[in-house]
Amino acid sequence: MSQKGQIVSGYIAPHPPHLVYGENPPQNIPRSTGGWEVLRWAYDNVREKIKAQKPDVIIVHTPHWMTMVGHHITRVPRLKGLSVDPIFPHLFRYNFDTAIDVDLADAIYDEAIAEGMTAKKMTNPNFRLDYGTIVTSHMLNPDWDIPIISLSANNSPYYFSLNVGIEEMFKLGRATRRAIEKTGRRAVLAASNTLSHYHFDREPDPNLPEDMSKEHVFSHQNYLWDMRVLQLMREGNMDELMKVLPQFIDATSAEVKSGGLFWMLAAMDFPNIPAKVHGYWSVIATGNAVVEWDLTKGANGHQGAYAHA
Ligand code: 2X7
Ligand code: FE2
């Protein structure tokens, strides 16, 4: 029997395709002159940490793989192909090639079913990973030498309801934690989410998307909201964070409404340890932060205090 597994860390790991575009990795076809360095350097710090923690798997919950019926889980040993961002194809046409941890995928599926959820294993060998999964995975581990699992967003973020959907995400979080423990994995979790999500309705200069003289936050109000939420995370004030997240979503259309952050916090048992904000900046006016909860430092969880079930 394998040793009990554990979640070593969890990250808010945003996925604007601009970040990969700014990096110019060989997998991405469009070329840039850089851009969005503050966020890219934040990811740089995190990469070193992840390498040092030697995880077996990175599990990504993505808003851009939307499934209308149930929570889908990648379950193919290897996925390879070309992924094109439908909105920013001039920034992101990426040749991906990644191992998937299929045993853990099976275990997450089993535990989700045990929670009474609707879930499905994604077994199509030609499946094209979405840009949310790819950008987050690439930015956390550009070497792609750690297997991943991608979890879909059940319903579009635009249907996610805090009254109904949030409970589902808590269940998925618990299921994920149990699956990790039972399979003996050392897992990194990634909520692939932007914070405030209002954006420009056109690119300031389509010929030079990385022109940083044109990049700025959408509004002072949105910026203040992002700072409020990040401050609560930095303080480890989980009670207040859980209270304000619904207001945050209403006020800023925050992408966390797609459920990933709720899933991750539930899987980590709502740790009341200070999170580390590695960097914050806007991308086409949306608010993005790379935020880390390091559970190897010992978390004093809330034992599911926010989950009703
Ligand atoms: O998906 C996104 C996003 N969440 C934020 C900013 C820009 C592009 O894509
Ligand atoms: Fe997004």
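Every number here is computed from the coordinates shown, using simple stated rules; none is lab data. Note that the structure is a prediction, hence the values are computed from the model and not measured. Every residue, glycine among them, receives a Cβ derived from its backbone with ideal geometry; neighbour counts consider all protein chains shown.
For the range 31-169, what relative contact order do you get, as a whole percent, if you take Cα pairs closer than 8 Å and at least 6 residues apart?
The normalised contact order for the range 31-169 reaches 40 percent.
Compute the Cα gyration tensor for the range 85-241, then decide on rounded, prolate or oblate, letting a ≥ b ≥ c be the square roots of its eigenvalues: rounded whenever a/c is under 1.5, prolate when a/b is larger than b/c in the other cases, and oblate in all that remain.
Oblate, because a/c is 1.5 or more while a/b does not exceed b/c.
Please state the shape class of the range 64-173: rounded when a/c is under 1.5, otherwise prolate if a/b exceeds b/c and oblate if not, all from the C-alpha gyration tensor.
Oblate is the answer for the range 64-173, as a/c is 1.5 or above yet b/c matches or exceeds a/b.
Check Q6: other-chain or 5+ apart residues with amide H under 5 Å from its amide H, H built from backbone geometry?
Amide H to amide H, under 5 Å and 5 or more residues apart or across chains, Q6 pairs with R185, R186, A187.
Name the shape class, rounded, prolate or oblate, that the alpha-carbon gyration tensor gives for the range 234-297, where a ≥ b ≥ c are the square roots of its eigenvalues, rounded holds for a/c under 1.5, and otherwise prolate holds if a/b is larger than b/c and oblate otherwise.
Oblate is the answer for the range 234-297, as a/c is 1.5 or above yet b/c matches or exceeds a/b.
Taking 7 Å along the Cα-to-C-beta vector as the label spot, tell me the D97-Q247 distance in nanometres, rounded to one decimal.
Those two pseudo-labels are separated by 5.0 nm.
Over the chain, what is the relative contact order in whole percent, taking alpha-carbon pairs under 8 Å and six or more residues apart?
Over the chain, the number comes to 29 percent.
Roughly how far apart, in whole Å, are the Cα centres of the range 212-273 and the range 53-86?
One Cα centre to the other: 23 Å.
Modelling each spin label as a point 7 Å along the Cα-to-Cβ direction, I'd like the V38/T118 distance in nm, to one decimal.
4.2 nm
Given a Förster distance of 35 Å, report the FRET efficiency between E240 and R202 from their Cβ-Cβ distance, rounded to the nearest 0.05.
0.45
Output ³J(HN,Hα) for the range 116-127: one whole-Hz value per residue in order, computed from phi by the Karplus curve 6.51 cos²θ - 1.76 cosθ + 1.60 with θ = phi - 60°, and x for Gly and Pro.
x, 8, 8, 9, 8, 7, 8, 10, 6, x, 9, 4
Full-extension gain between Q3 and K182, please, as 0.36 nm times their residue separation minus the C-alpha to C-alpha distance.
Full-extension gain reported as 63.6 nm.
Kindly provide the helix-only [θ] at 222 nm of the chain, computed as the sum of -39,500 (n - 2.57) over DSSP H runs of four or more divided by all residues, to the nearest 500 deg cm²/dmol?
-11000 deg cm²/dmol
In a GNM of the chain with a 10 Å cut-off on Cα contacts, which of T194, T296, T252 has the highest mean-square fluctuation?
T296
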